[in-house]
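Values quoted throughout were computed directly from the atomic coordinates according to the rules given, and no laboratory measurement underlies them. Because the structure is predicted, anything quoted here is derived from the model rather than measured. As a convention, Cβ positions derive from the backbone with ideal geometry for all residues, glycine included, and neighbour counts pool all protein chains shown.
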Amino acid sequence: MTVPWLTRVRLAAGDLRAQPWRSVIAVLVLTPLAASWFILAVVARSLADLGTVGEARNLVVTEPDVFDLANVHLDGDDLATAAAAAGDDAESVTPLVLRLVEMDERVLQLRAAATGDWAPIYDLTLLDGTVPDGARDEMAITSAVQVATGWQVGDRQQVFGTDFTITAVLRGSGSKVASLWLPLDRAERLFDRPGEFQFAVVRVRADADGDAVRARLRDAFPGRIVLDESAIQAEAARGVRSLGDIAMAFTAVGVLGLAVGAANATALTLAERRRSVGLLRAMGFDAATVRGLLAARAVLTSLVAVLLGLAAATWFVQVRPTFVLRTYTVSLRLEPWVVLAGVALAVLGAWAGAIVAARRAVQATPATLVVT
């Protein structure tokens with residue numbers, strides 16, 4: 001006897017309602033798997049979208065001892081040498097102050113440059129507030145710092161013994177995504193070292209040969225190091241994006257886990273209720289129909305677990321919409337196609353797992369199933 005699919009679903013739902021606690025336990029076992037699938041899929045998608053960030057065409061000159069920035073001392077003569085070496089291939093040659101500061105048990109970067117260079121050279125965008133005034137005790141923070149610390153415009157924070165008022169929130173990229181920013185003249189007064197900085201930043205013209213400029217800078221600074229900032233950031237971005245591939249691999253494991261969980265639940269049902277299956281066969285239900293009933297039961301269980309897992313993942317994304325990974329701010333988005341893919345894969349996995357688990361059991365004769 002064959003039974004329409006809608007009838008199979010009604011029978012399966014009735015069977016689940018007949019044993020509510022067993023059904024609840026099965027759903028609770030599968031829900032964490034479903035929630036982890038959605039979260040990992042969202043993370044993988046967000047990391048895959050992480051582009052090559054950083055300041056294109058920026059070459060930086062500094063001392064080899066970059067691990068102790070307080071020992072790096074460049075001055076106006078170094079700027080002049082860099083400008084002469086770069087020649088007309090440089091749009092600008094500017095200083096950058098960089099120090100590390102520990103605040104709220106976090107080590108943050110303190111950067112300082114002329115405020116006019118923030119947007120064109122360092123790719124900083126003003127999101128909130130006003131640019132700090134170099135004549136006052138004011139500073140800006142990036143949005144990643146705001147997310148990590150909870151600081152807001154108007155708050156005061158102590159930096160190297162001086163209380164600074166936060167006047168702006170910036171969006172940064174690359175290695176500058178999580179930094180405190182000061183006007184250059186304010187940083188010189190803060191450290192009482194006028195005209196001293198840690199990096200000379202050479203902005204190469206778009207139509208210039210960056211490799212040739214870098215070679216000339218290396219010849220001009222034999223005792224210094226010359227770095228291609230855009231290449232460093234591109235390599236770092238590739239490394240971070242590779243974590244998305246790992247997360248995607250775990251999403252595949254999550255789908256497999258749902259299928260295995262559905263198969264185990266079906267196998268447990270068959271082991272405990274062989275006589276019920278035998279009675280169905282004795283009443284005229286063929287093997288394909290019984291497998292369909294068991295598959296519908298598994299699909300309903302997994303579907304409820306997936307919906308609960310989706311609710312948990314949605315809550316997680318709302319509570320933690322962004323996180324900082326290395327020097328990158330990753331934004332989490334639960335896109336519609338991720339939801340549809342998760343539901344479809346979960347249903348398909350549950351159906352396949354139940355069919356595999358039920359195949360051997362329903363092949364036995366009704367008499368064998370009833371007796372055992």
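Between A344 and H73, what is 0.36 nm times their sequence separation minus the Cα-Cα distance? Round to one decimal in nm. Spell out each step's value before the answer.
Working: separation 271, 0.36 × 271 = 97.56 nm, distance 5.97 nm.
Gain on extension, A344 to H73, equals 91.6 nm.
For region 64-223, what is the charge dipole size about the Cα centre, in debye to the nearest 20, if Lys and Arg each add +1 at the Cβ and Asp and Glu each add -1 at the Cβ?
Once rounded to the nearest 20, the dipole reads 260 debye.
Amide H of A119 versus every other amide H placed in the peptide plane: which residues, excluding those fewer than 5 positions away on the same chain, fall under 5 Å?
L124
Going by how many other Cβ atoms sit within 10 Å of their own, how do V145, V204 line up, fewest first?
The fewest-first ordering by Cβ neighbours comes to V204, V145.
Once the piece of chain linking L126 and A13 is laid out straight, how much longer is it, given 0.36 nm per residue of separation minus the C-alpha distance between them?
Working it through step by step, the gained length comes to 35.1 nm.
With an 8 Å Cα cut-off and a minimum separation of 6 or more residues, compute the relative contact order for region 64-223 in percent.
34
In whole Hz and in residue order, list the ³J(HN,Hα) couplings for region 107-120 that follow from phi through the Karplus curve 6.51 cos²θ - 1.76 cosθ + 1.60, θ = phi - 60°; x for Gly and Pro.
Once θ is set to phi - 60°, the couplings for region 107-120 become 9, 10, 8, 10, 10, 9, 7, 4, 4, x, 8, 4, 7, x Hz.
Would you grab the residues whose amide H sits under 5 Å from the one on L110? Only those 5+ places off in sequence or on another chain, please, with H modelled 1.01 Å from N.
R99, L100, V101, L180
Amide H of D128 versus every other amide H placed in the peptide plane: which residues, excluding those fewer than 5 positions away on the same chain, fall under 5 Å?
V169
Can you work out the Karplus-derived ³J(HN,Hα) for every residue in region 21-35? Use 6.51 cos²θ - 1.76 cosθ + 1.60 with θ = phi - 60°, whole Hz, and x for glycine or proline.
5, 5, 5, 4, 4, 4, 5, 5, 5, 7, 4, x, 4, 5, 4
Step through the residues of region 121-130 one at a time and calculate ³J(HN,Hα) from phi using the Karplus curve (6.51 cos²θ - 1.76 cosθ + 1.60, θ = phi - 60°), rounding each to whole Hz and writing x for Gly and Pro.
Those phi angles translate into 9, 9, 6, 9, 10, 6, 9, 7, x, 10 Hz.
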